[in-house]
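Student: Here it is, the structure in full.
The values are calculated or read from the model by the stated rules, or taken from the named source; none is laboratory data. The shown structure was predicted, so the numbers you read here are calculated from the model rather than taken from an experiment. Positions of Cβ are backbone-derived with ideal geometry, glycine not excepted, and every protein chain shown enters the neighbour counts.
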Amino acid sequence: MKKVLIGMSGGVDSSVAALRLQQAGYDVTGVTLKLFGDEDIVQAPDATRTCCSLRDVEDARSVAYKLGFEHLVFNFREDFRSQVMTPFCESYLRGETPNPCINCNRYIKFDRMLRRAEALGYDYIATGHYAVRRQDPETGRYLLCRPKDRSKDQTYVLYNLTQHQLAHTLFPLGELEKTQVRQLAEEAGLVNSHKPDSQDICFVPDGDYAGYIRHAAGAEILPGDFLDREGNPIGRHRGLIHYTIGQRKGLGLSLGKPAYVVGKDAAANTVTIGEEADLYTDSFTVRELNWISIPALTGPMQVTVKTRYSQREAPCRIEPTPEGECRVTLEAPQRAVTPGQSAVFYAGDVVVGGGIING
């Protein structure tokens with residue numbers, strides 16, 4: 001019997017994933033990851049909105065007890081701080097807008113947890129992500145594919161998975177709709193069958209990114225100039241970390257017409273303001289690339305791209321650059337392509353790869 005260590009956040013998705021594995025005949029053990037303490041955040045997290053709270057651990061343990069398998073807790077706080085929380089702050093201070101869930105998957109859930117699982121003799125790890133793992137019969141490469149429930153598609157935050165990680169990872173919810181997941185949880189009598197999905201960054205439970213960065217990084221957030229597109233000062237901003245590309249609300253400017261953040265310069269501590277039309281771009285470059293369906297990008301390739309989690313894919317051409325990065329040329333200009341976010345490339349339902357958008 002194959003042994004699986006499943007990450008259990010305390011939510012309904014990972015709980016039903018564990019149930020599905022058990023029903024499929026796997027020897028299941030649950031694990032909840034301890035990623036931060038109260039001292040790491042500005043306030044205690046709301047258990048119905050984020051993950052990793054004490055209540056979440058209790059919910060995960062309750063499900064494991066109900067289903068009759070062992071539940072463990074792994075303390076990865078130091079790894080989480082160094083690989084997720086600190087880079088989150090550093091990226092914001094560079095003028096970018098990062099997605100910390102991607103680094104959490106890259107360095108914690110599918111790296112640190114998998115290495116611990118292998119050391120303990122498990123064959124696989126599993127999660128409650130909505131994604132599908134397949135193997136290409138021609139190349140033998142493992143593929144990451146979009147799930148049945150497109151509204152819950154989480155492949156965007158999984159593009160950093162390696163071939164080794166995919167070979168040892170199971171996604172039991174890939175062929176289910178969310179409504180089916182809740183129904184299965186209710187039929188099994190799981191305590192969290194109607195628990196709301198987490199919505200916020202776990203270590204910023206109130207959504208106040210600027211407050212968190214001041215608290216965690218001890219950084220002095222200096223005000224600076226708002227500039228127009230010609231570089232002329234038109235007002236004062238409260239600090240770069242308060243703004244992101246495409247932002248309109250909360251600028252505190254009265255220009256007689258709609259104004260948007262269209263650029264940020266961390267070195268000069270300036271925020272450039274423009275019109276809606278200034279937000280559109282037809283090309284950009286991507287760094288820190290990871291390829292899944294191909295070994296490497298060696299020439300131009302037609303794909304689709306998502307430049308943020310909730311965005312619809314857009315047709316584009318990708319090609320390697322001499323610097324080891326990737327240039328993306330869009331068929332139609334896209335709005336608010338934001339440095340620090342990830343660009344993830346698709347060929348149909350298959351994730352080709354992705355990377356971080358340059359400034």
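Student: Restricting to region 88-121, what's the tally of residues that are surrounded by fewer than 21 Cβ atoms within 10 Å (Cβ to Cβ) and among the aromatic types (Phe, Trp, Tyr)?
Tutor: 1
Student: Let me ask something else. Can you find a residue in region 249-260 that is within 25 Å of the chain's Cα centre (by Cα) and not hydroxyl-bearing (Ser, Thr, Tyr)?
Tutor: The answer is yes; a qualifying residue exists.
Student: Quickly run through region 272-314 and pick out the residues that are in a strand (DSSP E or B), within 26 Å of the chain's Cα centre (by Cα) and hydrophobic (A, V, I, L, M, F, W, C). Lay out the reasoning, then the answer.
Tutor: As a first pass, look at region 272-314 and keep what is in a strand (DSSP E or B): 272-274, 280-291, 301-306, 314.
Those left that are additionally within 26 Å of the chain's Cα centre (by Cα): 280-291, 301-306, 314.
Residues satisfying the conditions are Phe284, Val286, Leu289, Trp291, Met301, Val303, Val305, Ala314.
Student: Give the residue that is farthest from Cys104 (Cα to Cα), with candidates limited to residues of region 314-334 that are surrounded by 15 or more Cβ atoms within 10 Å (Cβ to Cβ) and among the charged types (D, E, K, R).
Tutor: Keep residues of region 314-334 that are surrounded by 15 or more Cβ atoms within 10 Å (Cβ to Cβ), which gives 314, 316-318, 320, 325-328, 330, 334.
Add one more test, that the residue is among the charged types (D, E, K, R), and what stays is 317, 325, 327.
Values: Arg317: 29, Glu325: 22, Arg327: 26 Å.
Among those residues, the one meeting the criterion is Arg317.
Student: Ser198: closer than 30 Å to Ser293 by Cβ, at pLDDT below 95 and among the hydroxyl-bearing types (Ser, Thr, Tyr), yes or no? Reasoning before the result, please.
Tutor: Numbers: closer than 30 Å to Ser293 by Cβ: yes; at pLDDT below 95: yes; among the hydroxyl-bearing types (Ser, Thr, Tyr): yes.
Considered against the rule, which asks whether it is closer than 30 Å to Ser293 by Cβ, at pLDDT below 95 and among the hydroxyl-bearing types (Ser, Thr, Tyr), Ser198 comes out as yes.
Student: Mind checking which pairs have a first residue in region 48-70 that is assigned by TED's automatic domain parsing to the domain that holds Arg182 and under 16 Å from Leu5 (Cβ atoms) and a second that is assigned to a loop (DSSP other than H, G, I, E, B) and modelled with pLDDT under 95, Cβ under 6 Å, 6 or more apart or different chains?
Tutor: Ala60/Gly10; Val63/Leu190
Student: Still on this structure, I have one more. Looking at Leu54, is it at pLDDT below 95, among the aliphatic types (A, V, I, L, M) and crowded, with 18+ Cβ neighbours inside 10 Å?
Tutor: On the way: at pLDDT below 95: yes; among the aliphatic types (A, V, I, L, M): yes; crowded, with 18+ Cβ neighbours inside 10 Å: no.
Considered against the rule, which asks whether it is at pLDDT below 95, among the aliphatic types (A, V, I, L, M) and crowded, with 18+ Cβ neighbours inside 10 Å, Leu54 comes out as no.
Student: So Tyr309 clears everything in (1) out of contact with any helix residue (DSSP H, G or I) (no Cβ under 6 Å at 6 or more places or on another chain); (2) under 20 Å from Pro147 (Cβ atoms); (3) of a type in the set (Phe, Trp, Tyr) except one condition, right? Which one?
Tutor: (1)
Student: So, in region 117-146, of the ones that are among the aliphatic types (A, V, I, L, M) and assigned to a strand (DSSP E or B), which residue ends up farthest from Val31 (Cα to Cα)? Break it down stepwise before answering.
Tutor: We begin by selecting, within region 117-146, every residue among the aliphatic types (A, V, I, L, M); these are 117, 119-120, 125-126, 131-132, 143-144.
After this cut, where a residue has to be assigned to a strand (DSSP E or B) as well, the list is 125-126, 132, 143-144.
On the way: Ile125: 10, Ala126: 10, Val132: 21, Leu143: 25, Leu144: 23 Å.
The qualifying residue farthest from Val31 (Cα to Cα) is Leu143.
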